[in-house]
Every structure is written in structure tokens, then in C-alpha cells.
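The structure appears right after this line, and notes come after that.
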Amino acid sequence: VPDDPTARVAEAVDARWISGATPREQQHETTLADGSRAGFLIGDGAGVGKGRTVAGIIYENYLRGRKRALWFSVSADLKFDAERDLYDIGAGAIEVFQLNKFKYGFKINSPENESVRKGVVFSTYSSLIGESTTNRGQQFATRFNQIVQWCGEDFDGPIIFDECHKAKNLFPGGAGTRPSKTGQAVLELQRRLPRARVVYASATGATEPKNMGYMTRLGIWGPGTPFEDFASFVQTVERRGVGAMELVAIDLKMRGMYMARQLSFKGVTFRIEHVPLSREFIRLYNCCCRLWVSAKARFEKALELMEAETAVAKAVWTQFWGAHQRFFKYLCIASKVRFAVAFVKEALRANKAIVIGLQSTGEARTLEVLEDSGGELNDFVSTAK
């Protein structure tokens, strides 16, 4: 119906999607007031699939002729997850190279480093600030210089800052505190490659304004914005509390540079399965108890022979009971393995997807992680991990 405005909007939306211009791709075609390319923030919660989203971004750019990409994350082991995510979306042909496997002192695309000219260079944040002690002073003695040279000055491919909250201490609070090397490197990389298509990915990306200092590509502060610099942005938002931060997130979403999705709990059911213990396991458990009783007696004798001081004895018993607790926790987990395997096989025959989590109450570990990460959790805490 020509006069129906709803139909005209739907037609325009269909045309946009048919042309392949996703909201993120549109955002990357925007230039900020300082001349750099605008970025995008993926704030999806745990389990939504940030990895595959990132893989899709890399694949799309690869098909458009941008054959080089950088992918930063928190652990070297996640390289295999990156390869799996690319494979799962049909982009298994794109090779993933680990930055810390390249030789210092040479270009990444040199024969000494297998002449890598295209693909994904995967790096941890600690590798990004890596430096050779033997090649010190040479041009490619730092990982940072190797990356910048490989990309080239006119680089317009994707840079993925996965779990980007690792760079949050760029502007730490408190007297005497210094910015982290990781935060400085992330900031400098964006400055050196102004045309790169930057993607930030973190479940806790937009929780506190002071932790967003490295997100320069969102265009929230600086020339052409209401905030002269990052400091004035933080001061304004913190003065107005959590509500102001929610408004910032809403504004980012409205401008098409932020998405934050969560898994739905609709239709979720819960039940407890009781696992019967075999005679063999009961016998094993009793043997383990006798072993620990015997070990305790020997530790007591050893401390007596040593004539150990109170502080030494306390340290020894702390280690002993800690090991004792861990041992029996894992023994209890082991008792459930056979049942869990049978349960999983049955579910697989029913064409279901399986996720296995190992937990105790998790309270101590959760409090420990909260303390280490400044009061923020970006994923489920695995006590058995």
C-alpha cells in the first residue's frame, strides 16, 4: 500500500538487510570528529555467543577484501575457541596465528615468520605489551611494533578487543596509582590505526564510566561531543549515579553502536538427580579416609620431631587441610562422572545440546573473583576450574 508509512519503513528495512549493511557495518562507515573510524561495543551476557558474533564480523570483512584482522583476548587457549567459532560459521579457511609464536626482531610477513600476509593474528593482552630482552633496541623487538607494521598505516580491517575490560585501568583512581601498560597499549593501537574497524566485546563493558577510558571509538567524549575530554565525562556521569550510566547505555544503543543481550530463562525447568554410589566407590572412599588419617598422624609426628614453631605448624596445617578439602571435593565430583556420561548420551540421542558445569556453593571463589575484578563479574564463576 503506497500511502502506508509502516509499509514504506518495512520496505526500507528489507532493502538495508538485503544490501548486507548490518547496524554494526553502518557504524563502521561513520567517521568521528577526530577523523578516526567509529567503533562498536558488544555487551552481550555470558552464553549469548560473542565469539561467533566476532567471527562473523571478521568473516564479513574478509569477504569484502579486508583479509587481515587482529583478535585480542585474555588467554592463549582461547585461540582454539576462535578457530572453532570461525569454523562453525563456515569461515574455517581463515587461518588464526598466535602472536607469541612469531619470532622477535622480524616482520610478521617475513620468511622468518612464515610470511603471514593474511588471516587473523590472535593475541592475549599480555602479549600485546610483550618485549624481547635479547633484541632490545631493534625495530621489531616489541609485539606492538610487529602488529602495527603487519597492519600497515592504511589498515581498515577489524580489531577485536574481546573481554576488553582487561584494559579498564587506563585511568585508575587514587593518588599514586599509574595507568596499566595494557590500557595504554590498547589506546595507542587505536591511535596508530585510525581507520581500523574496532569492536569492543565484554559482558561488563559499560558498567562504570571510569573503566571506559580506552573506548575512544564510541565518540562519547572529545571533539564534537558534549564532553571536552574523558575526565569531564566521568565527572559528570559519576556525579549523577547509576541512572546516568543507564542513560549513556541507552544513548549508545539508540546511536547503533552498542548491543547487550541476555539468554532467556523462558521455559527453564530444574530438577535434582540422586546418584547411587557403587560398592566399589564406597570401598575407595573408605580407603581414602584411612589414607588421610594416616597422613595426619605422620604430619603430627614430623612436626614433633622438627620441634616446629607455632607459625610453621600453623602454615603446615593450613596447607594440609586445604589439600584435604580439595581432595574430597574432587572425589565427590568423580563419583558422579559415570552417571553424568550416561545422562549426556541419553540427551544427545534426543538431539539436545549439553552444557556441564562443576560447582560447589562457590561463595568463597566468587568473593575472591569479585575482589580481583573490582566488584564486577563478566561470566559464571567455576569453582572447579
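The values are calculated or read from the model by the stated rules, or taken from the named source; none is laboratory data. Nothing here was measured: the structure is a model prediction, and the numbers come from that model. Positions of Cβ are backbone-derived with ideal geometry, glycine not excepted, and every protein chain shown enters the neighbour counts. With ligands, DNA and RNA removed, areas are computed over all heavy atoms of the protein, side chains included. Shrake-Rupley method; radii C 1.70, N 1.55, O 1.52, S 1.80 Å.
Taking Rh as the Kirkwood radius, which is the inverse of the mean 1/r over Cα pairs, what is the Rg/Rh value for the chain?
We get a ratio of 1.05 for the chain.
Determine the shape class of the stretch 176-325: with a ≥ b ≥ c the square roots of the Cα gyration tensor eigenvalues, call it rounded for a/c under 1.5, and otherwise prolate if a/b is greater than b/c, oblate otherwise.
Numbers: a/c = 3.58, a/b = 2.00, b/c = 1.79.
Prolate.
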Q) By how many degrees, between 0 and 90 and to the nearest 10, does the Cα long axis of helix 230-240 differ from the longest principal axis of the chain? A) 70
Q: Taking amide H positions as placed in the peptide plane 1.01 Å from N, state which residues far from ARG68 in sequence (5 or more) or on other chains have amide H under 5 Å from it.
A: GLY119
Q: Rounded to the nearest 10 degrees, what's the angle between the helix 50-63 long axis and the longest principal axis of the chain, both from Cα atoms, 0 to 90?
A: 40
Q.
Using the Cα centre of the chain as the reference point, and only Cβ charges (+1 on K/R, -1 on D/E), how large is the resulting charge dipole? Debye, rounded to the nearest 20.
A. 1100
Q: May I ask which residue of VAL355, VAL381, LEU367 lies farthest towards the positive end of the charge dipole of the chain, with charges of +1 (Lys, Arg) and -1 (Asp, Glu) on Cβ and the Cα centre as origin?
A: VAL355
**Q.** Between 0 and 90°, nearest 10: helix 310-334 axis offset from the chain longest Cα axis
**A.** 80
**Q.** Given charges at beta-carbon only (K, R positive; D, E negative), |dipole| of the stretch 227-316 in Debye
**A.** 620
**Q.** Positive dipole terminus of the chain, leading residue within PHE343, ILE94, SER123 (C-beta point charges)
**A.** PHE343
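Highest mean first, what order results for 112-124, 223-235 on Cβ atoms within 10 Å?
Working: 112-124: 17.8, 223-235: 14.0.
Ranked from most to least packed, the peptides come out as 112-124, 223-235.
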Q | Cβ crowding within 10 Å averaged over residues, with 37-50, 337-350 ranked highest first | A | 37-50, 337-350
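Sorted by average packing, counted as other Cβ atoms within 10 angstrom per residue and highest first, what order do 71-77, 330-336 take? Mind showing how you got there, number by number?
Numbers: 71-77: 18.3, 330-336: 13.3.
Descending mean neighbour count gives 71-77, 330-336.
So if I place +1 on the C-beta of Lys and Arg and -1 on the C-beta of Asp and Glu, and nothing else carries charge, what would the dipole magnitude of the stretch 203-272 be about its Cα centre? I want it in debye, nearest 20. List each step's numbers first, then the result.
Details: 9 positive and 6 negative charges, 94 e Å.
I would put it at about 460 debye.
Return one whole number: the accessible area per residue of the stretch 248-385 in Å², for a 1.4 Å probe. All intermediate terms of the calculation are to be shown ahead of the outcome.
Details: 11490 Å² over 138 residues.
Accessible area per residue: 83 Å².
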Q.
Whole angstrom only: what separates the Cα centroid of the stretch 131-146 from the Cα centroid of the stretch 52-83?
A. 25
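Given the pairs LYS166/LYS210; LYS50/LYS79; LYS181/LYS210; LYS118/LYS181, which span a C-alpha to C-alpha distance of over 18 angstrom in this model? Let's see the in-between values first.
Values: LYS166/LYS210 13 Å; LYS50/LYS79 14 Å; LYS181/LYS210 16 Å; LYS118/LYS181 28 Å.
Exceeds cut-off: LYS118/LYS181.
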**Q.** MRE, 222 nm, helices only [DSSP H, n ≥ 4, -39500 (n - 2.57), over the chain, to nearest 500]
**A.** -14000 deg cm²/dmol
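Order HIS28, HIS165 by their accessible area, 1.4 angstrom probe, all chains in place, largest first.
Details: HIS28 0, HIS165 35 Å².
Highest to lowest solvent-accessible surface, that is HIS165, HIS28.
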Q | 12 Å beta-carbon shell around CYS164, net charge (K/R +1, D/E -1) | A | +2
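For the chain, which whole percent of the accessible surface, found with a 1.4 angstrom probe, sits on carbon and sulfur atoms?
Working: 13010 of 23540 Å².
It is 55 percent, rounded to a whole number.
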Q. Which of SER36, PHE327, LEU187 sits farthest toward the positive end of the charge dipole of the chain, with +1 on the Cβ of Lys and Arg and -1 on the Cβ of Asp and Glu?
A. PHE327
Q) Taking LYS296 as the anchor, which lysines have their alpha carbon closer than 19 Å to its alpha carbon, excluding any fewer than eight residues away along the same chain? A) LYS314, LYS329
Q. Is the stretch 270-323 rounded, prolate or oblate when judged by the Cα gyration tensor, a ≥ b ≥ c being the square roots of its eigenvalues, rounded requiring a/c under 1.5 and prolate requiring a/b larger than b/c?
A. oblate
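Once a ≥ b ≥ c are taken as the square roots of the eigenvalues of the Cα gyration tensor of the stretch 243-303, is the result rounded (a/c under 1.5), prolate (a/b larger than b/c) or oblate (a/b not larger than b/c)?
Details: a/c = 6.74, a/b = 2.31, b/c = 2.92.
Oblate, because a/c is 1.5 or more while a/b does not exceed b/c.
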**Q.** J(HN,Hα) series, the stretch 67-79, from Karplus relation 6.51 cos²θ - 1.76 cosθ + 1.60, nearest Hz, glycine and proline x
**A.** 7, 10, 8, 10, 10, 9, 8, 8, 9, 5, 5, 5, 4
